[in-house]
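The values are calculated or read from the model by the stated rules, or taken from the named source; none is laboratory data. Fair warning: this is a prediction, and the values are worked out from it, not measured in the lab. Glycine also receives a Cβ, built like all others from the backbone with ideal geometry; neighbour counts cover every protein chain displayed. Ligands, DNA and RNA are stripped out before the accessible areas are found, and what is left, the full protein with its side chains, is counted by its heavy atoms. Shrake-Rupley method; radii C 1.70, N 1.55, O 1.52, S 1.80 Å.
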Amino acid sequence: MKVDHGKPAPYARKSRAEAKRVARVLERYCDFPVPVEPVLVFVGVTELKVVATQLDVRVYQERQVSALAPLSGVLTADQVEQVYSVARHRQAWAQA
């Protein structure tokens, strides 16, 4: 990706790696699979060029974040609460 005419940066690759790390941590403490999708949101940029091959990472400018609203969830309310609890637990992330 190129932001504001700068040099290409590996944001998508890093985002995919971070999503895998987060999924591993959450699934270690939850008794169900936790789907994690990488999303990059760029704030205050004037131009953003995304290569078409980056389809597995959602990329938005801040004004486009509302596009996430219609997405439907795959977890039950109880599962969401469990994921939220694990996500707030410092010890879970200390060993990640």
Quiz item: Do any residues in the stretch 61-86 that are on the phi > 0 side of the Ramachandran plot have Cβ atoms under 8 Å from those of residues that are open to solvent by less than 80 Å² (accessible area, probe 1.4 Å) and of a type in the set (S, T, N, Q), where the two are at least six apart or on different chains, and which pairs are they?
Solution: none
Self-check item: the stretch 65-81, subset modelled with pLDDT of 85 or more and of a type outside the set (S, T, Y), residue nearest to S15 (Cα to Cα)
Solution: V65
Quiz item: Can you name the residue in the stretch 41-70 that is of a type outside the set (S, T, N, Q) and open to solvent by 90 Å² or more (accessible area, probe 1.4 Å) and is also nearest to C30 (Cα to Cα) among such residues?
Solution: P70
Quiz item: Right, V43: touching an Asp or Glu at 6+ places or on another chain (Cβ under 6 Å), modelled with pLDDT of 85 or more and aliphatic (A, V, I, L, M) or not?
Solution: yes
Quiz item: Looking at the stretch 12-30, which of its residues are open to solvent by 90 Å² or more (accessible area, probe 1.4 Å) and modelled with pLDDT under 90?
Solution: R13
